[in-house]
Amino acid sequence: MRKAQKEQAEELVRQIEEAHDQIKKFIEQNSIPSAMELLEECQNGGITLGTLIESTEGEGHPTVFLLEEYCELTYQIHEDLDASKEINTNKIYKLLRQKLIRVANSLKNDIPVRKEVVFLPYKASMWDSLESVWKAADEDENCDAYVIPIPYYDKNPDGSFREMHYEADQYPDYVPVTRYDAFDFAAHQPDVIYIHNAYDNWNLVTSVHPHFFSGNLKQYTNTLVYIPYFVLDEVDPNNEQMVEKIRHFCFMPGIINADKVIVQSEDMKQIYVNEYLKAAKAHGLQGRHLDRTYLEQKFLGLGSPKYDRVLSTQREEFDIPKEWQKVIQKPDGSRKKIIMYNTGIAALLTHNEKWVDKIADVLKVFKENQDETVLLWRPHPLIESTMQSMRPDILRKYTAIKEQYIAEGWGIYDDTADVDRAVVLSDAYYGDGSSVVQLYQQTGKPVMIQNVDV
């Protein structure tokens, strides 16, 4: 039984209990018809409660059996009053109270509260930011956990929507997914909704479907939780110069609307609290948005679920495509070193065409050394969408380089949804600075950031 349903059931019991007091008064005042009418209402309340319990807990539940006993008693008292039999008012009141107490105790102890938790990932490649939380919810026998991938759109330079993407078929086989248009949020009213996209309409490159903007989701749940799909460089909260670089992550629609925000560390929590307060004042927000005590409870430095998956997974657990295996394996059967090459959006937007030229140069170097090393190139999943929206002049050049690399087949091009496979499978990281760097550092393997100017 859901929490709201149990609260409804408990309220109905309280109303019936109050009716008992009134029934006693009516009998004492010899207002028998009024007492009989109220007994009928109590019986109907018992039937309503029994129906609710059977719908959630199934037939034959002990609380329903106690309710049947209660309803039989109210019926018998009703019939005795109707037949003008001599009635002991105090005895009737005591019997009704005893039966109802047994119902209330059974309702409290025999019916566990089931929570309903909904996860709303948009890009499958970012699912790792929610997976460990979903696993914990899914393993709880008193929790119904739903994974509902939501559609998102690329944006045109003018902000209008372009192509819609829906990646429900890209999640791991062990994750059961529910279609977003087959789940009635208004009817379900989930106890908790988790999101990992906080931008709503603030993102210039992509947007989730407006129905799933955080402001709209708030009407369907009492607890909206935001967990970033990324991890950031750890920064000292007192280092103003470094904080300035990540300030924009701390104040977005999903963060404003969320009841809880889970970030990667206690230091990061303090940065979020400090920067949120400044931004809230600048935007004219009032009330709890300016209450540091409230914000200290809203932001939680519990760690990123992204770390959980990478650190708990071994190479052997991943399914390695045959095309990859052919490139990884040497003629003598031994394994080449695998270098994960990650290219990101921030570097693209900073360096423009020079960044594309750097990629071409990197590919050339690794091609010349393909006998000993394998390049596993994994671009940010929104690279080409970003180019279309914000750097259309270099898209053709980039695409030509990418397609030539794929056609030559000497390296690996990874545009799958599973970034963790690339992190676990590879021996070292090379590429742009991004949230993947923080994830990779957790493995203890070497990391080198590329310099576009070299």
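The values are calculated or read from the model by the stated rules, or taken from the named source; none is laboratory data. On a predicted model such as this, the values are computed, not experimentally measured, just so you know. We place every Cβ from the backbone using ideal geometry, glycine too, and count neighbours over all the protein chains shown. Note: accessible area is taken over every heavy atom of the protein model, side chains too, but ligands, DNA and RNA are not part of it. Shrake-Rupley method; radii C 1.70, N 1.55, O 1.52, S 1.80 Å.
Taking GluC sites (Glu not before Pro) as exposed when their DSSP state is a loop state and no more than 10 other Cβ atoms lie within 10 Å, the longest site-free interval of the chain runs over 142-371. Among the listed values [x] 22.7, 78; [y] 30.4, 105; [z] 26.6, 87, the one matching Rg and Dmax of the Cα atoms in Å as calculated from this structure is [y]. The distance from the alpha carbon centre of the range 337-385 to that of the range 123-159 is 28 Å, rounded to a whole number.
Selection among 342, 87, 126 by position relative to the dipole of the chain gives 342 as farthest towards the positive end (Cβ unit charges, Cα centre). A viscosity of 1.567 mPa s and a temperature of 4 °C, combined with the Kirkwood radius over Cα pairs in Stokes-Einstein, give a translational diffusion coefficient for the range 225-327 of 84 µm²/s. Put simply, when 434-444, 119-129 are sorted by average Cβ atoms within 10 angstrom per residue, most first, you get 119-129, 434-444.
Between residue 108 and residue 165, the modelled label-to-label distance comes to 5.2 nm, taking each label 7 Å out from Cα in the direction of the beta carbon. Loop-resident chymotrypsin sites (Phe, Trp or Tyr not before Pro) (DSSP state other than H, G, I, E or B) in the range 150-219 with no more than 10 further Cβ atoms inside 10 Å of their Cβ: 174. The H on the amide N of residue 2, modeled in the peptide plane, is under 5 Å from the matching H of 114, each at least 5 residues off or on a different chain. Please compare each pair in 135/336; 330/402; 245/445; 260/354; 108/306 to a cut-off of 31 Å on the Cα-Cα distance and tell me which ones are over it. Exceeds cut-off: 135/336; 260/354; 108/306. By how many degrees, 0 to 90 and rounded to 10, does the Cα axis of helix 89-110 deviate from the longest principal axis of the chain? Roughly 20 degrees between the two axes. Binning at 10 Å from 0, report for the range 259-317 what percent of all alpha-carbon pair distances ends up in each bin. For the range 259-317, the binned pair fractions read 22, 41, 20, 12, 5, 1 percent.
Entry comment: accessible area of the chain is 49 Å² per residue, from protein heavy atoms only and a probe of 1.4 Å. What angle do you read, to the nearest 10 degrees and between 0 and 90, between the alpha-carbon axis of helix 3-28 and the longest principal axis of the chain? Helix 3-28 sits roughly 10 degrees off the main axis of the chain.
From the alpha carbon centroid of the range 12-68 to that of the range 388-422 is 68 Å.
With Cβ to Cβ distances under 14 Å as the rule, what net charge do the other residues near residue 183 carry (K, R +1; D, E -1)? Surrounding charge for residue 183 is -3. Summing Cβ point charges (Lys, Arg +1; Asp, Glu -1) relative to the Cα centre of the chain gives a dipole of roughly 1300 debye.
Here the Karplus curve 6.51 cos²θ - 1.76 cosθ + 1.60, taken at θ = phi - 60°, turns the phi angles of the range 245-257 into couplings of 6, 10, 4, 5, 6, 8, 9, 9, x, x, 6, 4, 7 Hz, with x standing for Gly and Pro. Between residue 22 and residue 59, the C-beta separation translates, for a Förster distance of 41 Å, into a calculated FRET efficiency of about 0.80. For the range 414-425, the Karplus equation 6.51 cos²θ - 1.76 cosθ + 1.60, evaluated at θ = phi - 60°, returns couplings of 10, 10, 6, 7, 9, 5, 5, 4, 5, 5, 6, 6 Hz by residue, with Gly and Pro reported as x. Applying the Karplus relation 6.51 cos²θ - 1.76 cosθ + 1.60 with θ = phi - 60° to the range 121-135 yields 3J(HN,Hα) values of x, 10, 9, 4, 5, 9, 4, 4, 6, 10, 4, 5, 5, 4, 4 Hz, where x marks Gly and Pro. Note on residue 312 and residue 278: the extension gain reaches 8.5 nm, defined as 0.36 nm multiplied by sequence separation minus the Cα-Cα distance. Length, then width, then depth: along the principal axes, the Cα atoms of the range 140-242 run 46, 37, 31 Å.
Between residue 76 and residue 406, the distance separating the two model label sites (each 7 Å from Cα on the Cα→Cβ line) works out to 7.8 nm. Taken along its principal axes, the alpha carbon cloud of the range 259-387 reaches lengths of 67, 38, 23 Å, longest axis first.
Based on DSSP H segments of at least four residues, each scored -39500 (n - 2.57), the chain has a per-residue ellipticity at 222 nm of -15000 deg cm²/dmol.
Against the chain, whose longest principal axis is taken from its Cα atoms, helix 353-368 shows a tilt of about 70°. Note on the range 1-147: Kirkwood hydrodynamic radius from all Cα pairs is 17.5 Å, rounded to one decimal. What number in nm² do you get for the range 322-453 if you take the convex hull of its Cα atoms and divide its surface by four? Over all viewing directions, the range 322-453 projects a mean Cα-hull area of 7.8 nm².
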